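Okay, structure first, notes after.
The values are calculated or read from the model by the stated rules, or taken from the named source; none is laboratory data. Treat the numbers as computed from the prediction; the structure is a model and nothing was measured. Positions of Cβ are backbone-derived with ideal geometry, glycine not excepted, and every protein chain shown enters the neighbour counts.
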Amino acid sequence: MKEDWKALRTWRGHRGTISDVAWHPDSMHFASCSTDSTICIFNINKHAPVTVLEAKANGLTFDPFGKFFASQSSEEKKLTIWRVQNFKNITKEAERDDYYKSQSLSQSLFRRLSWSSDGAFISTTGGKAG
């Protein structure tokens, strides 16, 4: 069986390479993060982002209920939780894990975070390339 894929729409908003994309549970919105230190939130019916957040991120995930999303940055060694309603950062500085802060910045790789299906937990990864 031959597959015939074609692009139906193109969204533009980043100036750098996109490192991750995550769909909102409503399937009408998605978020992308880029090497340009921005997170763009898109509505599938609009070509430009509805919101652009200035934040370094390598990975993104929405909670299963669509009320929050999380971004993870290997450069800043942090996980940030954002409220979808107003796109405000609701992470408290004291909640960051000291393990990530203590690791060497060189060659560290944080990506592919995931929210549990009940919304109670977020799993994150951290590792060293090489």
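Quick rundown of the values:
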{"read-out": "Every pair of residues 6+ apart whose Cβ atoms lie under 6 Å, when the first sits in the stretch 53-74 and is at positive phi while the second is not aromatic (Phe, Trp, Tyr)", "value": "GLY66/HIS24; GLY66/PRO25; GLY66/ASP26"}
{"read-out": "Tabulated pairs, the stretch 15-28, first outside any strand (DSSP E or B), second not acidic (Asp, Glu), C-beta under 6 angstrom, 6+ apart or interchain", "value": "GLY16/SER34; GLY16/THR35; THR17/THR35; HIS24/PHE62; HIS24/GLY66; PRO25/GLY66; ASP26/GLY66; MET28/ILE44"}
{"read-out": "Unique residue being farther than 17 Å from ILE122 by Cβ and either modelled with pLDDT under 95 or polar (S, T, N, Q) (or both) when the list is ASP4, ASP20, ASP26", "value": "ASP4"}
